[in-house]
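Chemist: Got a structure here, written out as structure tokens. Questions coming.
Each value in this text was obtained by applying a stated rule to the coordinates, not by laboratory testing. Quantities reported herein were computed from a predicted structural model and do not represent experimental measurements. Quick reminder, even Gly has a Cβ in these numbers, built from the backbone with ideal geometry, and neighbours come from all protein chains shown.
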Amino acid sequence: MISRRALMPYTAEFLGTALLIVIGDGVVAQCLLSEYQYGTWLSINLAWASAVCLSGYLSDPSPTINPAVTICLALVRPTEGQWGQIPAKLAAQFLGGFTGAAIVYTNYRSAILAWDPEYTIPGGSILSPLGHHSAGIFSTYPASFFESNWEAVFSEGLGSAVLMFGLLTISNPRNADRFPAPQLAVFLLLLMIGAALGWQTGYAINPARDFGPRLFSAILYGREVFTAANYYFVVPLFAPVIGCVIGAAAYDGLLFDGEGSRVTDALDKVEGHASLHLE
């Protein structure tokens, strides 16, 4: 039998992602269903950032609760046995997102039914007489003024790049004295991203945060949650991975001087060959 201790890294990913969605999707539901009487865009930013902060205390090391970050770290900062853990960690993250969305729906089911009895999707084929679209509680949809999803790709990629750049800055051992409580620094990082870059796409910046709840919402809203906005669901599924890799490459290539980075090691080799050639 697998011991409880051996399962802890995966349990932390599952519970951390579920907590993220319960609080994150929960605050969106409270704001939207109350017509913003009991919440604002700032409260949405604060709740998402707080959920990420709290999840960081679930285990040591902290769970990433984000497949894009998990994959990026394996690519840029590989450690022994890391790739072997990825399939189970990704499964735990996506399952956590699905479970968190189910909990949010159970809590707000009556409110959703009263506010949007047609169960409509932003940009979907079913129209709400009141212009309400409750599917946006569970997963992200692009702003209606985007001319193409490529604009959303840039927005999600930018937010994810800032996220990864910030996470690597906070986790740098040289900054241990500056960030005695790194989880609080991560709180500020998420608050900053939401406040500055979150409006146009809902700043998923996390494939599990979007796809897990979207998969659950398909049970209620149908397959159009995947086809809406020209198959927009692909954007928050893949753009965060690309953005995180770009952010990590920028940090490690320009600022990181520690060990264990493929980017730094590659640049050191290039510089070493260049110096040898000049000599």
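Chemist: Quick one: which residue in ASP210, ASP252 is charged (D, E, K, R), crowded, with 22+ Cβ neighbours inside 10 Å and over 25 Å from THR120 (Cβ atoms)?
Modeler: ASP252
Chemist: In region 165-185, is there at least one residue being under 30 Å from PHE146 (Cα atoms), touching a residue at least 40 places away in the same chain (Cβ under 8 Å) and surrounded by fewer than 16 Cβ atoms within 10 Å (Cβ to Cβ)?
Modeler: no
Chemist: Can I ask one more? Specify which of the listed residues (ILE86, ILE71, ILE103, ILE44) is without any contact (Cβ under 8 Å) to a residue 40 or more places away in the chain and touching a helix residue (DSSP H, G or I) at 6+ places or on another chain (Cβ under 9 Å).
Modeler: Sole residue among the options that is without any contact (Cβ under 8 Å) to a residue 40 or more places away in the chain and touching a helix residue (DSSP H, G or I) at 6+ places or on another chain (Cβ under 9 Å): ILE86.
Chemist: Would it be correct to say that ILE65 is on the phi > 0 side of the Ramachandran plot and either buried (at least 17 other Cβ atoms within 10 Å of the Cβ) or in a loop (DSSP other than H, G, I, E, B) (or both)?
Modeler: So ILE65 passes the test.
Chemist: Continuing with the same structure: Before we move on, is SER160 of a type in the set (Gly, Ala, Ser), in contact (Cβ under 8 Å) with a residue 60 or more places away in the chain and more than 17 Å from LEU75 (Cα to Cα)?
Modeler: It is false that SER160 is of a type in the set (Gly, Ala, Ser), in contact (Cβ under 8 Å) with a residue 60 or more places away in the chain and more than 17 Å from LEU75 (Cα to Cα).
Chemist: In addition: Would you tally the residues in region 43-59 being over 19 Å from LEU163 (Cβ atoms) and in a helix (DSSP H, G or I)?
Modeler: 1
Chemist: Here are ALA74, ALA92: which of them is among the hydrophobic types (A, V, I, L, M, F, W, C), out of contact with any strand residue (DSSP E or B) (no Cβ under 7 Å at 6 or more places or on another chain), crowded, with 23+ Cβ neighbours inside 10 Å and part of a helix (DSSP H, G or I)?
Modeler: Only one candidate passes the filter, namely ALA92.
Chemist: Provide a single number: the residues in region 77-89 that are of a type in the set (Lys, Arg) and in a helix (DSSP H, G or I).
Modeler: Count: 1.
Chemist: Only one of (1) out of contact with any Asp or Glu (no Cβ under 8 Å at 6 or more places or on another chain); (2) touching a residue at least 12 places away in the same chain (Cβ under 8 Å); (3) over 26 Å from CYS72 (Cβ atoms); (4) of a type outside the set (Lys, Arg) is not met by SER128, so which one is it?
Modeler: Unmet for SER128, out of (1) out of contact with any Asp or Glu (no Cβ under 8 Å at 6 or more places or on another chain); (2) touching a residue at least 12 places away in the same chain (Cβ under 8 Å); (3) over 26 Å from CYS72 (Cβ atoms); (4) of a type outside the set (Lys, Arg): (1).
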